[in-house]
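Enquirer: Mind having a look at this structure? Questions to follow.
The values are calculated or read from the model by the stated rules, or taken from the named source; none is laboratory data. Bear in mind that the values here come from a model prediction, so they are computed numbers and not experimental data. Here the Cβ positions follow ideal geometry from the backbone for every residue, glycine too, while neighbour counts run over all protein chains shown. Protein only, heavy atoms only, side chains kept; ligands, DNA and RNA dropped before computing areas. Shrake-Rupley method; radii C 1.70, N 1.55, O 1.52, S 1.80 Å.
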Amino acid sequence: MNVILLGAPGAGKGTQASKIAEKYNLLHISTGDIFRANIKGGTEIGKLAKSFIDAGKLVPDEVTCAIVKDRLTWEDAQNGYMLDGFPRNLFQAEELEKFAKIDICLNIDVDEALLMDRICGRRVCKCGESYHVSTLNGETKCRKCGGELYQREDDNPQTVKARLITYNTQTAPLIDYYKKQGKLATVTSGEGSPDEVFEQIVEILDK
Ligand code: ADP
Ligand code: ZN
């Protein structure tokens, strides 16, 4: 099963992606994580990506599509994968069709008014876990691995504003795109707890 996870920044894609990947034994491919690893490693791709990410813009399509296309040829992607953060515009969606067969697109729906607080209150761990300050009670370490929690550089109000505009103008049209293909499943519980959202996703995927 090959799945696309769609949703605005802060909709909870990353949180759900780890849970889905584990339960359904799918490879989790996050383009955001790939870019962040490249930035950390000081690669050419990282250097290029950083300027776009800091501005809340999309990294150019040629770069992003080439990364995903290559990643999908690896051995570990042959038994199903979940794309988190790709495609992010119509061009990427059309490119993806040339090298992948997608079964379902899960769209996590969350009221835009909640997103700013969700993202700016987010604290992440290098292991991939993320938390919200409102549930951390001042804790500074990851509950899963003990790692130091930190705030992503692009999780500041100014960049988030730009990311939301990018989402609304470029990514949101994909909802219609996958609806027309009969592949869209809407996760309506997106404003609930992570467990509630996951429960609904399981219901959808088990069908
Ligand atoms: P979020 O969904 O919370 O915005 P991500 O980790 O998915 O965070 O993405 C972070 C940033 O990485 C994006 O704002 C964008 O600059 C870049 N990025 C991620 N995926 C793509 C993509 N498919 N195409 C272009 N840029 C991307
Ligand atoms: Zn951790």
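Enquirer: Being open to solvent by less than 70 Å² (accessible area, probe 1.4 Å), at pLDDT below 95 and part of a loop (DSSP other than H, G, I, E, B) is the requirement here; does Gly146 meet it? Working first, answer last.
Expert: Working: open to solvent by less than 70 Å² (accessible area, probe 1.4 Å): yes; at pLDDT below 95: no; part of a loop (DSSP other than H, G, I, E, B): yes.
In short, no.
Enquirer: Continuing with this model, one more query. Just checking, how many residues over segment 143-186 are within 30 Å of Asn2 (Cα to Cα) and either hydrophobic (A, V, I, L, M, F, W, C) or more than 15 Å from ligand 2 (Cβ to nearest atom) (or both)?
Expert: Within segment 143-186, residues that are within 30 Å of Asn2 (Cα to Cα) and either hydrophobic (A, V, I, L, M, F, W, C) or more than 15 Å from ligand 2 (Cβ to nearest atom) (or both) number 29.
Enquirer: Do any residues in segment 115-141 that are in contact (Cβ under 8 Å) with a residue 40 or more places away in the chain have Cβ atoms under 9 Å from those of residues that are acidic (Asp, Glu) and open to solvent by 60 Å² or more (accessible area, probe 1.4 Å), where the two are at least six apart or on different chains, and which pairs are they?
Expert: Qualifying pairs under 9 Å: Gly128/Asp33.
Enquirer: So if I check each of Glu95, Glu75, Glu62, which one is more than 8 Å from ligand 1 (Cβ to nearest atom) and in contact with a Cys (Cβ under 8 Å, 6 or more places away or on another chain)? Write out each step before concluding.
Expert: Values: Glu75 fails: in contact with a Cys (Cβ under 8 Å, 6 or more places away or on another chain); Glu62 fails: in contact with a Cys (Cβ under 8 Å, 6 or more places away or on another chain).
Among Glu95, Glu75, Glu62, only Glu95 is more than 8 Å from ligand 1 (Cβ to nearest atom) and in contact with a Cys (Cβ under 8 Å, 6 or more places away or on another chain).
Enquirer: Any chance segment 120-132 includes a residue that's over 15 Å from the mean Cα position of the chain (by Cα), loosely packed, with under 15 Cβ neighbours inside 10 Å and on the phi > 0 side of the Ramachandran plot?
Expert: no
Enquirer: Which condition from (1) surrounded by 19 or more Cβ atoms within 10 Å (Cβ to Cβ); (2) more than 13 Å from ligand 1 (Cβ to nearest atom); (3) farther than 30 Å from Lys40 by Cα is the one that Val110 breaks?
Expert: Of everything listed in (1) surrounded by 19 or more Cβ atoms within 10 Å (Cβ to Cβ); (2) more than 13 Å from ligand 1 (Cβ to nearest atom); (3) farther than 30 Å from Lys40 by Cα, Val110 misses just condition (2).
Enquirer: Among the residues of segment 97-142, which ones are farther than 18 Å from Asp155 by Cα and part of a strand (DSSP E or B)?
Expert: Result: Ile104, Cys105, Leu106, Asn107, Ile108, Lys141.
Enquirer: If I ask for residues that are aliphatic (A, V, I, L, M), free of Cβ contacts under 8 Å to residues at least 24 places away in the same chain and surrounded by fewer than 21 Cβ atoms within 10 Å (Cβ to Cβ), which ones from segment 38-56 would you list? Before the answer, list the steps.
Expert: So in segment 38-56, the residues aliphatic (A, V, I, L, M) come out as 39, 45, 48-49, 53, 55.
Going one step further and asking which of them are free of Cβ contacts under 8 Å to residues at least 24 places away in the same chain, we end up with 39, 45, 48-49.
Ile39, Ile45, Leu48, listed by residue number.
Enquirer: Cβ-Cβ below 7 Å, separation at least six or inter-chain, first residue in segment 58-77 and over 15 Å from Asn89 (Cβ atoms) and basic (Lys, Arg), second at pLDDT 95 or above and away from ligand 2 (no atom under 16 Å from the Cβ): which pairs?
Expert: Lys69/Phe99; Arg71/Ile29; Arg71/Ala77
Enquirer: Looking only at residues that are over 10 Å from the mean Cα position of the chain (by Cα), surrounded by fewer than 20 Cβ atoms within 10 Å (Cβ to Cβ) and over 21 Å from Glu75 (Cβ atoms) in segment 19-37, which one is farthest from ligand 1 (Cβ to nearest atom)?
Expert: Lys23
Enquirer: Still on this structure, I have one more. Please specify each residue of segment 130-176 satisfying the condition of being more than 12 Å from ligand 1 (Cβ to nearest atom) and acidic (Asp, Glu).
Expert: Within segment 130-176, Glu139, Glu148, Asp176 qualify.
Enquirer: Scan (1) under 18 Å from the mean Cα position of the chain (by Cα); (2) on the phi > 0 side of the Ramachandran plot for the single condition Pro60 breaks and write down its number.
Expert: Pro60 satisfies all of (1) under 18 Å from the mean Cα position of the chain (by Cα); (2) on the phi > 0 side of the Ramachandran plot except (2).
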